Each structure stands twice: as structure tokens, then as C-alpha cells.
Amino acid sequence: MSETRGEPGSGTEAGARFFCTAGRGLEPFLMREVRARLAATEVEYISGKVFFTTCSDLNMLKKLKSAERLFLLIKKQFPLISSEVGKVIGIAIMKHFGWKADLRNPKLEIFIHLNDVYSVVGIPMFRVPLASRAYIKTAGLRSTIAWAMASLADIKAGAFVLDPMCGLGTILLEAAKEWPDVYYVGADVSDSQLLGTWDNLKAAGLEDKIELLKVSVIELPLPSESVDIIISDIPFGKKFKLGRDIKSILQEMERVLHVGGTIVLLLSEDHHRRLTDCKESSIPFNSKDSHTDEPGIKKCLNPEEKTGASKTVSTSFEARNHEFLDRMSPFGSLLPVECYKVSLGKTDAFICKYKKSHSPGL
């Protein structure tokens, strides 16, 4: 496996080598985060894992938000051939140290991941996964996805941030924990969802940071162009009428967002296809020449295109992203900026970022 060495004098020799597991598609978010939060060097990825070197202490490592679990890297190499190698390694370790396996209450866990592309051995730094947030009482959207969406919005102090379909409030919780000096508003039409959000706010100590409204996303009680940032998970359920509902939702979001403002949406594959192929969409596009071919969807950032290929945080993600965006025409006043294909477990989705370029009608 190739590795990217730190620059001369960077001090990476004194740092420790770690890796984090990440949800598929979140590798670019984690790569940016370890560099920004940990001043990490030698950053590279393989599908589902990001490797890096850092001198940061455990308290800083524990603050990673886009990772699932954190490991101290013991060994990374080309794949081992034997399918029984995991069992062999386990037996050898027990014989060598005189240890006895205790799966219920282990004192030390050794992580060994073997596949046809690479072999990785590591020791977990924390027993509780980084993705398990102590401040979230009732889980909704995966915390790592919610944090990634918030990080993409470029939230600044003093901003007005809205989630018009907040559900259990996971996106707002992740944002408020990371960027506290902001005015947050969450809206939803469901009493049960809002009660769950309120329980989460109390558990996180954020009752005074986030205001909740029981309103419809298509009838927001907000002045036009009053919101700086909108971040939202568009419903995926069968009851959600794709053509009519998403048209109304986007029109209302567009109305309340000020010019220059940002929208970050989590879209199902159907929603995404609808927005990127206006020849088949019922959404009205202001530009007469607006159109995007279906193959453009494949240009979103997807590290699995070359499974197992170890890469640096170079231009590979950005180049494919720009190629996708070049093929994607604007709709309304919302211009596409970035798009990432991510896994939600049983299904895939897209995190898409848009900027409002002008007031509708101008």
C-alpha cells in the first residue's frame, strides 16, 4: 500500500499512527477533520478507513465527529492469503502471552481486518465508539452523517441556521455542540418528533440554544430571505410524494434563504435523480437551458470507485466533484456546490450543498 510521507521538518516522526473507521462516503469529511482538528499528516484512505499521523493527545482524538471508531495502527500491509489467519493470529497471541480470551469483559481488544485488498491490525483507543454521542438521548439520523452535513454548511458565529424538517433534532444537536454561537431553529409537523427533539435538547443541555416550531416545511412563519443556512434530511418514506412535495419544499426553502445563503440536504437516490435530471422532473427550473444527463449522478464523490486503492487527500475527490458539478445545471436560484454519495446502511443517499445566487424572479 502506498503512503504519503509528511514534509521535511513536519515532526511526523514523533507522532503516532492511527486509523479510524468511517461510514462509506464519509472518508473525505474525516480526512478534512483530522487535518483541521488534529493537524494530522500522512493522511490517506481506503474504503471505510482513514489513516493518519498525529501528535495530538487522546482528549483531542476523542473529539473526532465523522469517525465511527479510533484505533492505534499496529500493522497495515498487503492481504494475507489464508482465510484462517485471524484464528491463527488469535491462538498465537494467547500462547505467546498466556492470555485467555474473554469476549464479555476483555481487558484488551485487538482489531484485525482481512480482505482481498489489505490486512490491518490495530488496538481500539476507546471502548465506546466515537459515533456514540453521550448527549443524544434518542437517536435519529446517524450522528456522523448529521455532523458531516453541518460541517459542509460553513457555519459562522451569529448565523441563523434552520432545519425545517428536524425530526429528532440530530443535525441541530451536532451543529450546536460544534458551533455554539449561532441561532438555531428546528421545525416539524409531528408532535412526537418534537417531543423527542426536546428530550434530546434537555439531555444535551441545549434547551436555550435551539428554538422549536410546530409548522409545515411548506408554510414557514419566516420572512423572505431571513435565514443564513438551511440543513435538512429530506424524508425518504413512501408517503412522501416525490414530485409535488419536493417541489413545494424547495420553493419554500428558497424563499426564506437570503442571497448568498447555503442549503445542505440529505437526499435519497430518487430525490437526487429528480433534482439532477430536469427533463424528467416536475420541478420548475428558471433557466431555459437547464438540464443534466443521468450519468452525472455517478460523478459524486464516492471513494469506492476504486476499492482498496490507497489515496491521499489530494485532488481525486475535488476533481470528480467539479466534473459532476460542471454537468449539473442550476435550478431556481440554488446553484450546486458540492455533492457526496454516502451510505445509510441498507440504502445510499446524497449530501448536497447549494448556494442561493439571486432573488427568485430577478
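Looking for something out of contact with any Ser or Thr (no Cβ under 7 Å at 6 or more places or on another chain), more than 21 Å from residue 344 (Cβ to Cβ), crowded, with 18+ Cβ neighbours inside 10 Å and of a type outside the set (Gly, Ala, Ser) - is there at least one such residue anywhere in segment 130-147? Among the residues of segment 130-147, not one is out of contact with any Ser or Thr (no Cβ under 7 Å at 6 or more places or on another chain), more than 21 Å from residue 344 (Cβ to Cβ), crowded, with 18+ Cβ neighbours inside 10 Å and of a type outside the set (Gly, Ala, Ser), which makes the answer no.
Sub-6 Å Cβ pairs linking a first residue in segment 185-198 that is in contact (Cβ under 8 Å) with a residue 40 or more places away in the chain to a second residue that is assigned to a loop (DSSP other than H, G, I, E, B), at least 6 apart or interchain, are 196/138; 196/168, ordered by first then second residue. How about segment 120-142: which of its residues are touching a helix residue (DSSP H, G or I) at 6+ places or on another chain (Cβ under 6 Å) and either within 20 Å of residue 336 (Cα to Cα) or small (Gly, Ala, Ser) (or both)? Selection gives 131, 140. Put simply, of 181, 154 the only residue that is open to solvent by 10 Å² or more (accessible area, probe 1.4 Å), in contact with a Ser or Thr (Cβ under 7 Å, 6 or more places away or on another chain) and not basic (Lys, Arg) is 154.
Does residue 199 satisfy being open to solvent by 10 Å² or more (accessible area, probe 1.4 Å), under 27 Å from residue 357 (Cα atoms) and either part of a helix (DSSP H, G or I) or at pLDDT 95 or above (or both)? Taking the combined requirement at face value, the residue does not satisfy it. Of note, residue 243 does not satisfy the criterion of being part of a loop (DSSP other than H, G, I, E, B) and at pLDDT below 95. Might you check whether a residue that is in a helix (DSSP H, G or I), at pLDDT 95 or above and of a type in the set (A, V, I, L, M, F, W, C) occurs anywhere in segment 62-81? Looking for residues that are in a helix (DSSP H, G or I), at pLDDT 95 or above and of a type in the set (A, V, I, L, M, F, W, C), one finds none in segment 62-81, hence no.
Taken over segment 202-219, residues that are surrounded by fewer than 18 Cβ atoms within 10 Å (Cβ to Cβ) and farther than 20 Å from residue 235 by Cα amount to 6. For segment 171-184, residues that are in contact (Cβ under 8 Å) with a residue 60 or more places away in the chain and more than 13 Å from residue 139 (Cα to Cα) total 1. Does at least one position in segment 56-64 carry a residue that is touching a Pro at 6+ places or on another chain (Cβ under 9 Å), open to solvent by less than 30 Å² (accessible area, probe 1.4 Å) and under 18 Å from residue 129 (Cα atoms)? No; the residues of segment 56-64 include none that is touching a Pro at 6+ places or on another chain (Cβ under 9 Å), open to solvent by less than 30 Å² (accessible area, probe 1.4 Å) and under 18 Å from residue 129 (Cα atoms). Taking segment 203-224 as the range and being among the acidic types (Asp, Glu) and part of a loop (DSSP other than H, G, I, E, B) as the test, the residues that pass are 207, 208, 219.
The values are calculated or read from the model by the stated rules, or taken from the named source; none is laboratory data. Bear in mind that the values here come from a model prediction, so they are computed numbers and not experimental data. Cβ coordinates were reconstructed from backbone atoms using ideal geometry, including for glycine residues, and neighbour counts include every protein chain displayed. Only protein heavy atoms, including side chains, enter the accessible area calculation; ligands, DNA and RNA are left aside. Shrake-Rupley method; radii C 1.70, N 1.55, O 1.52, S 1.80 Å.
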